[in-house]
Amino acid sequence: MRALLFHASRVLRARSYLFALILTVVLFIGNVIALPAFVSVSNWDTNLITFAPFAVLAVASTPAIMTGAGGLDLSIAPSANLANIVLVVELLSNEHLSSPWIAVPIVLALTTAIGLFNGFVVTVLRVPPVVTTVGMLLLLLGLNARIAPLPVSATAQWVQSLHGDLGPIPWGLILIVIPLVLWSLTRLTPFYSTLYLVGGNAATAFSAGVNVTAVRIAAYGIGGFFAGIGGLAITAVFLTSDPNIGFEYSLIAMAAVALGGTPIGVGGRGGVLGSTLGAAAIYLLQNLLILSHVSNAWLQVGYGALLIVGATLGGLVAMPVRPPRTQANPVRT
């Protein structure tokens, strides 16, 4: 048994996204069997734009978790919902602010500021991440309901176009790829390696001269920035403002990150590729249940089950397992 745990732990440490990848492939095949038209080119736009909030919010939730010390940001989805509401209700209704060149930077700056604030409270004021981000989650849920008590349609032409294509490329794919590309660019900077170092052992990172506080605040800020992109994805899907969207995506994002091999509460492991695959698995599971005419109540059961599975796998990745002992042959005299 110890040998099995040791080898499983080694595989998951080296390829933490492996389980999510296998599950995604299996669920994709299940969707094709249930509905062969699922892979039809005519359905690509719809599938990609519907999947975009799943993927973007999972990616946005990952950097804070990677910082270690119990880091996480449960306010990512409500922050994206706020971006959606501010865009539709406040900016698009103002002719001076409705241009995408003005409105998009405003919502991105707003959600980035929320992420930086969370990071400051967690790292400088040393308030536990769960307390900080649950408090922000509740604050944003109330604020969203206050700004948009009733749904408001997004009628701007450029917002409507997000539900379609940019030339031959679906906007859903663009919104998914943008955070992944931006994150990959961090590999060219010292931030990427120092984030893993801080998440793995903050004391060692501090001894090596790393500004641990700055790295952690930056990770929360990056997550906030990606949440703004998630707000654009939510707007593209629903073409309206709805204050009830944020909470549901919070659970989906956490489940996707855990399922993708980024252990919650540990840090220094995992990454956005696994989170994207985890989000894909959850989206495909949801779609398969809908195609099977399963009650919506079972969707929540599925989210919870995947979150438990992901947390279990994360524990396996983080658990130090000693190599199995080899029994020495007795010496005969």
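Please treat every number below as a calculation from the coordinates, not as lab data. Note that the structure is predicted; figures quoted are calculated from it, not measured. Don't worry about glycine lacking a Cβ; one is built from the backbone with ideal geometry, like all the others, and counts go over all protein chains shown.
Computed quantities for the displayed model
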read-out	value
Region 265-296-region 149-226 distance, computed between alpha-carbon centres (Å)	19
Degrees separating the helix 246-259 axis from the principal Cα axis of the chain, which is the longest one	30
For volume of the Cα convex hull per residue in Å³, calculated from these coordinates, the label among (i) 128; (ii) 142; (iii) 176	(iii)
For Thr240, residues with placed amide H under 5 Å, excluding near neighbours	Ala154
On Cα atoms only, tilt of 297-318 relative to the major axis of the chain in degrees	40
Within the chain, helix-based [θ] at 222 nm, where runs of 4 or more DSSP H residues each add -39,500 (n - 2.57), nearest 500	-22500 deg cm²/dmol
Anisotropy class of region 11-158 from Cα gyration tensor, a/c 1.5 cut	oblate
Calculated from backbone phi, Karplus (6.51, -1.76, 1.60) coupling profile of region 149-160 in Hz, x at Gly/Pro	x, 10, x, 10, 6, 8, 9, 4, 4, 5, 6, 4
Relative packing of peptides 48-58, 114-124 - highest average C-beta neighbours within 10 Å first	48-58, 114-124
Sequence ranges 173-180, 162-169, ranked by mean other-Cβ count within 10 angstrom, highest first	173-180, 162-169
Principal-axis tilt of helix 171-185 within the chain, Cα atoms, nearest 10 degrees	50
R0 of 22 Å, Cβ-Cβ distance Trp44-Leu166: FRET efficiency to nearest 0.05	0.95
